[in-house]
Amino acid sequence: MNLFDYSASASNKKHAPLAYRMRPRNLDEVIGQGKVVGKGSPLRLAIERDELHSLVLYGPPGTGKTSIAQIISAMTHSNFVQMQAVTAGVGDIRKAAAEAGDRLKYYQQRTILFVDEIHRFNKSQQDVLLPFVEEGTLILVGATTENPLYEINNALLSRVKLYILEALEAEDIKTIVEQAVADPERGLGQLDITFSPESLDLLTAASKGDARMALNILETLVNSFQENGALQVDAELIRKVIGQPILKYDRSGDYHYDTISAFIKSIRGSDPDAAVFWLAVMLEGGEDPRFIARRLIIHAAEDIGMADPRALLMASAAAQAVDYVGLPEARIPLTEATVYLATAPKSNSSVVAIDKAISAVRQLNKITVPAHLADSSHSQASALLGRGQGYKYPHSYGGYVGQTYLPAEVSGIKLYHPGENGYEIKIRQFLQQLPLAKNQPPQK
């Protein structure tokens, strides 16, 4: 590096964003990820011994994935190559692997390939990468915010160790902000910055566990409101900067599926408070209300079913209201349906019945409709084909008469078992009383 390169590098660091300047320089400075890189953890020991294995760092934005990768770069004696999945192609992967092979052959130096946003690699790119990871030509370090179980090929995933980073706790965010305020070299220590207790709590809440977001908010405060090197941060200043708090919610990403799962499981678990909370998370995150309405309809049929048949009507009415009035008013019928379903008795007897029936149908070689149940609407169907002969009209027997309704191939199969909640208690009692009506004489 010549004098001009050094000067440019120093200038770039000086004017780099605060979040970049405050990145941890070693593993001891990584905050909030003790389970992954704390003292004595397997990954930390591997990094310190320079005996790294292929791995994927998975976690929300701003939790330290790229920082850990850069620390690995600084600590390892291996050649470190960084690649952005959004811009890299198959050719880039092959080139990196070829150079890594030569370096290992001629210099006995390993190569660590860091792929940021590895979930952006398509199947072809992952397939190209696989053999180089498998044979050890490359040690892969991937970083992703998306669930690797869905975004990374099973073959590649089976050859890496998965490390899960968690969203930072409030105290972790406060520590990071306080360090940035106090650091005179990389941070804002040359300024006189003070926080009111409420303002620091607001900043922490707005960051949603994301250290980068917290530092970006802090930097915006300084750039906008500091005067003569001094800044007194109060709640009003925080509100001016953050406006309406931004909720991290990707309508097609991992958090989308986790949130709708939490929503449905809260309803199934009969917890209206939790269900309404997750509904609010989705609405604030910009989720399509029609998607929520569809899930309510499915849940009403699948998890409540015959225990309260009105639940399906309530969910369908909410879906209609969403299309008719739209947001923000549609939040009210969605909430009404959510609360109704959460507090309704639960039964999955309908879904169990249809799944058993479908399984039985798939296993049969043939299905024969009993003659007495077959269509007899044609004038000659009964006389010539025997269809409809022997059929007993239930209304002629007071509403019920015993006869076979199943095909001979599955005679006696039991598919529907009424539950013991809600309306199904009455259904169970009704079905138990039916055999008593078998021998009632026909009504005249």
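Residues I118, I71, I112: which one is within 24 Å of G209 (Cβ to Cβ), at pLDDT 90 or above, more than 23 Å from the chain's Cα centre (by Cα) and not small (G, A, S)? Can you show your working first?
Details: I118 fails: more than 23 Å from the chain's Cα centre (by Cα); I112 fails: within 24 Å of G209 (Cβ to Cβ).
After ruling out the rest, the residue left standing is I71.
D192 meets each of the listed conditions (1) touching a strand residue (DSSP E or B) at 6+ places or on another chain (Cβ under 6 Å); (2) surrounded by fewer than 19 Cβ atoms within 10 Å (Cβ to Cβ); (3) in contact (Cβ under 8 Å) with a residue 40 or more places away in the chain apart from (3). When D201 is tested against the conditions (1) out of contact with any Gly (no Cβ under 6 Å at 6 or more places or on another chain); (2) closer than 20 Å to V37 by Cβ, the lone failure is (2). Of all residues in region 41-54, those that are on the phi < 0 side of the Ramachandran plot have Cβ atoms under 7 Å from Cβ atoms of residues that are in a loop (DSSP other than H, G, I, E, B), 6 or more apart or on another chain, in R44/G38; A46/L52; A46/H53; L52/T76; S54/R159; S54/V160. Can you tell me which residue within region 198-216, out of those that are among the acidic types (D, E) and free of Cβ contacts under 8 Å to residues at least 40 places away in the same chain, is farthest from S67 (Cα to Cα)? That would be E198.
From the list A315, A301, exactly one residue is surrounded by fewer than 22 Cβ atoms within 10 Å (Cβ to Cβ), under 20 Å from A262 (Cα atoms) and of a type outside the set (V, I, T). Which is it? Steps first, answer last, please.
Values: A315 fails: surrounded by fewer than 22 Cβ atoms within 10 Å (Cβ to Cβ).
Answer to the selection: A301.
Annotation: of all residues in region 294-318 being touching a Leu at 6+ places or on another chain (Cβ under 7 Å) and among the small types (G, A, S), the one that is farthest from D355 (Cα to Cα) is A318.
Here's the yes/no breakdown for (1) in contact with a Lys or Arg (Cβ under 6 Å, 6 or more places away or on another chain); (2) not basic (K, R):
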site: L55; (1), (2): yes, yes
site: G62; (1), (2): yes, yes
site: Q70; (1), (2): no, yes
site: M75; (1), (2): no, yes
site: Q82; (1), (2): no, yes
site: A85; (1), (2): yes, yes
site: G91; (1), (2): no, yes
site: R94; (1), (2): no, no
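Applying the condition of being within 30 Å of I304 (Cα to Cα) and among the charged types (D, E, K, R) to region 368-427 and asking which residue is surrounded by the fewest Cβ atoms within 10 Å (Cβ to Cβ) yields K414.
Within region 15-34, which residues are assigned to a helix (DSSP H, G or I), out of contact with any Asp or Glu (no Cβ under 7 Å at 6 or more places or on another chain) and in contact (Cβ under 8 Å) with a residue 40 or more places away in the chain? Don't jump to the end; show me each part of the working.
So the first thing to find is which residues in region 15-34 are assigned to a helix (DSSP H, G or I), and the list is 15, 18-21, 27-29, 34.
From what is left, the residues that are out of contact with any Asp or Glu (no Cβ under 7 Å at 6 or more places or on another chain) are 15, 19-21, 27-29, 34.
Answer for region 15-34, where residues must be assigned to a helix (DSSP H, G or I), out of contact with any Asp or Glu (no Cβ under 7 Å at 6 or more places or on another chain) and in contact (Cβ under 8 Å) with a residue 40 or more places away in the chain: A19, R21, L27.
The one condition from (1) closer than 19 Å to T66 by Cβ; (2) not assigned by TED's automatic domain parsing to the domain that holds F80 that V141 does not meet is (2).
Could you run through region 160-184 and say how many residues are farther than 19 Å from A214 by Cα and either surrounded by 15 or more Cβ atoms within 10 Å (Cβ to Cβ) or of a type in the set (D, E) (or both)? Spell out the reasoning first.
The first filter runs over region 160-184 and keeps only residues farther than 19 Å from A214 by Cα, leaving 160-164.
Now drop any that are not either surrounded by 15 or more Cβ atoms within 10 Å (Cβ to Cβ) or of a type in the set (D, E) (or both), which leaves 160, 163.
So the answer is 2.
Considering only residues in region 265-275 that are hydrophobic (A, V, I, L, M, F, W, C) and buried (at least 19 other Cβ atoms within 10 Å of the Cβ), the one that is nearest to P345 (Cα to Cα) turns out to be I267.
Regarding K346, is this residue closer than 28 Å to W278 by Cα and of a type in the set (K, R)? Let's see the steps before the verdict.
Details: closer than 28 Å to W278 by Cα: yes; of a type in the set (K, R): yes.
It is true that K346 is closer than 28 Å to W278 by Cα and of a type in the set (K, R).
The residues of region 276-298 that are surrounded by fewer than 16 Cβ atoms within 10 Å (Cβ to Cβ), of a type outside the set (D, E) and either in contact with a Pro (Cβ under 9 Å, 6 or more places away or on another chain) or modelled with pLDDT of 90 or more (or both), listed by number, are F277, A280, R290, F291, R294, I298.
When region 115-158 is limited to residues that are part of a helix (DSSP H, G or I) and among the small types (G, A, S), the one that is nearest to T63 (Cα to Cα) turns out to be A155.
Summed over region 152-179, residues that are under 23 Å from A46 (Cα atoms) and under 18 Å from the mean Cα position of the chain (by Cα) total 5.
Anything in region 159-215 that is part of a helix (DSSP H, G or I), within 21 Å of D28 (Cβ to Cβ) and not small (G, A, S)? List them, or say none. Give the steps one after another, and end with the answer.
The first filter runs over region 159-215 and keeps only residues part of a helix (DSSP H, G or I), leaving 170-182, 197-207, 211-215.
Still in the list and also within 21 Å of D28 (Cβ to Cβ): 171-182, 211-212, 214-215.
Once the filter is applied, which keeps residues that are part of a helix (DSSP H, G or I), within 21 Å of D28 (Cβ to Cβ) and not small (G, A, S), region 159-215 yields E171, D172, I173, K174, T175, I176, V177, E178, Q179, V181, R212, L215.
When K95 is tested against the conditions (1) more than 16 Å from S54 (Cα to Cα); (2) in contact (Cβ under 8 Å) with a residue 12 or more places away in the chain, the lone failure is (2).
The values are calculated or read from the model by the stated rules, or taken from the named source; none is laboratory data. None of these values were measured; they are calculated from a predicted model. Positions of Cβ are backbone-derived with ideal geometry, glycine not excepted, and every protein chain shown enters the neighbour counts.
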